[in-house]
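Chemist: To start, I am sharing the structure in question, which I have written as structure tokens.
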Amino acid sequence: MPEFHRPEMPDFTIHEYTPLMDSSDMTPEDWQHIAEDIKAHYDDYDGFVILHGTDTMAYTASALSFMLENLGKPVIVTGSQIPLAELRSDGQINLLNALYVAANYPINEVTLFFNNRLYRGNRTTKAHADGFDAFASPNLPPLLEAGIHIRRLNTPPAPHGEGELIVHPITPQPIGVVTIYPGISADVVRNFLRQPVKALILRSYGVVMRHKTKPSCKNYKKPAIAVLW
């Protein structure tokens with residue numbers, strides 16, 4: 001791909017994991033591996049771009065954002081809806097833009113670049129399975145848009161870390177997730193809390209729901225976290 005070797009493109013090194021894996025098989029151990037690799041080569045590069053499958057791309061971006069403390073360089077996660085080797089792949093433009101943005105418009109946090117938009121990594125979710133606009137960032141605008149001109153938006157920056165990069169370890173944790181729907185019984189929530197879980201996430205309607213779901217959980221010591229959806 002000659003576009004990646006034009007004079008205005010940054011120098012880059014490819015570090016390939018063997019064997020390659022489907023992103024649906026990603027685990028916290030893989031996040032730990034990626035984070036440790038970033039730390040091991042942190043002083044050698046000005047930024048890092050991670051090629052990733054779309055199924056769990058948002059999970060990886062979010063996990064890394066919490067694992068990498070005092071991050072002072074851009075870490076961009078990107079990929080494609082159509083495989084890079086296929087004719088109409090969106091992978092080439094996503095990767096090219098991610099490399100260019102990391103070098104020339106560095107935003108020193110973990111981000112996700114897709115379909116000409118750069119999102120905060122821990123605010124993204126996969127929203128579409130069959131379109132190039134696969135990812136969305138509910139309630140937080142993109143950090144940057146790459147149209148005819150590349151422009152940074154006025155989205156509040158992440159807290160600036162100072163000091164040595166710290167990689168926090170991550171281990172699998174049993175978490176329950178319940179989507180609230182009209183007519184759901186409190187017994188459904190209670191049954192989840194009886195399972196060996198350390199926390200329960202309630203995907204809820206809105207702010208008013210916190211007053212209705214709390215009594216159902218008040219007799220349980222495990223934390224219940226309401227996520228407004």
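Only the coordinates and a few stated rules stand behind these numbers; no lab work does. Since we're looking at a predicted model, the values are computed, not measured. Counting neighbours? That spans all protein chains shown, and the Cβs are built from the backbone with ideal geometry, glycine included.
Chemist: Out of all the residues in region 103-114, is one or more within 13 Å of the chain's Cα centre (by Cα) and among the small types (Gly, Ala, Ser)?
Modeler: no
So that you can scan it fast, the table gives a plain yes or no per residue for (1) surrounded by 17 or more Cβ atoms within 10 Å (Cβ to Cβ); (2) in a helix (DSSP H, G or I):
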position	(1), (2)
PRO10	no, no
ILE14	no, no
THR18	no, no
MET21	no, no
HIS33	no, yes
ASP37	no, yes
ASP46	no, no
ILE50	yes, no
ASP55	no, no
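Chemist: Do we find a residue being among the charged types (D, E, K, R) and surrounded by 12 or more Cβ atoms within 10 Å (Cβ to Cβ) anywhere in region 59-81?
Modeler: Filtering region 59-81 for residues among the charged types (D, E, K, R) gives 69, 73.
After this cut, where a residue has to be surrounded by 12 or more Cβ atoms within 10 Å (Cβ to Cβ) as well, the list is 69, 73.
Yes, that holds for at least one residue.
Chemist: Looking at (1) under 23 Å from PRO10 (Cα atoms); (2) under 11 Å from the mean Cα position of the chain (by Cα); (3) assigned to a helix (DSSP H, G or I), which is the only condition TYR59 fails?
Modeler: Every condition holds for TYR59 apart from (1).
Chemist: Please give the strands (runs of 3 or more DSSP E) falling wholly within region 67-170 in which 3 or more residues are over 17 Å from ILE38 (Cβ atoms) and in contact with a strand residue (DSSP E or B) (Cβ under 7 Å, 6 or more places away or on another chain).
Modeler: Values: elements: 75-78, 110-114, 117-120, 144-146, 150-152.
The strands (runs of 3 or more DSSP E) meeting that bar are 117-120, 150-152.
Chemist: Can you tell me which residue among LEU144, LEU165, LEU118 is touching a residue at least 60 places away in the same chain (Cβ under 8 Å), of a type in the set (A, V, I, L, M) and crowded, with 16+ Cβ neighbours inside 10 Å?
Modeler: LEU165
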